[in-house]
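Below is one structure, written out as structure tokens, with a few remarks after it.
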Amino acid sequence: FVVVKQLHGNLFLTLSDSVMGPSDASMGKIAQAAKSQGVNLIRVESNAQGNTFAELLRKALKAAGYPCTVETKRSHGQKELRIISTLEPVLGGHRLVVDARVIEQDYACTRDEPRKSLFYQLTRITRDRGSLGFDDRIDALAQAVSYWSEALSRDQEKAAEAHKDRAIHETLKDFIRNALGKGKRRGRAASAFSTNRGLSGR
């Protein structure tokens, strides 16, 4: 599991860790990590009993006294292609910032088996199926980055739509001013126009 945060379009990897199976201890460890990191949302891959995992995690979060949303998302397609297509734009744009402590911990806990290291996986994955012996950590990172990429894309679309609405509004206001001329009548027309837009939900 990983923790990825977002600020001004940049992503920050602040934690990368692992657990062994869906035991009470494992769920408790994730819940405590979420609490200490101030996590607002946990996304669980629904493939391979992910829904059961998510339900156990919700119980662990409740026991820890930490309200946090848990959602599931199913993954599709070849894993290597999905991971690369998700991470490549973010890494290429230098928009992923990694806490140095994440690198140090990753090295320390995978020293005996480097293939389990996040950064080993990150630097050796290819588009070939089965290119990695282990891909759990890089897959978790890709899932988190995917969430933020989707969220940022939605925010950009909303901002573009709001800008378009403002431009139309200003254009119509100019049209009314020019069509009706100056004076009190123009003011009444502009007020009516604003009211109509309000009623239409814009």
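The values are calculated or read from the model by the stated rules, or taken from the named source; none is laboratory data. Only a predicted model underlies this, so the values are computations on that prediction, with no experimental measurement involved. Please note: Cβ atoms are built from the backbone with ideal geometry, for glycine as well, and neighbour counts cover all protein chains shown. Protein only, heavy atoms only, side chains kept; ligands, DNA and RNA dropped before computing areas. Shrake-Rupley method; radii C 1.70, N 1.55, O 1.52, S 1.80 Å.
Okay, here's what the table says:
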quantity: Residues of region 67-88 classified as under 15 Å from Leu141 (Cβ atoms) and more than 14 Å from the chain's Cα centre (by Cα), total; calculated: 8
quantity: Options Glu170, Glu150: the member that is open to solvent by 70 Å² or more (accessible area, probe 1.4 Å), of a type outside the set (A, V, I, L, M, F, W, C) and at pLDDT below 95; calculated: Glu170
quantity: In region 126-143, residue farthest from Asp17 (Cα to Cα) [restricted to those that are part of a loop (DSSP other than H, G, I, E, B) and among the hydrophobic types (A, V, I, L, M, F, W, C)]; calculated: Leu132
quantity: Residue within region 104-113 that is acidic (Asp, Glu), over 18 Å from the mean Cα position of the chain (by Cα) and farther than 29 Å from Gly9 by Cβ present; calculated: yes
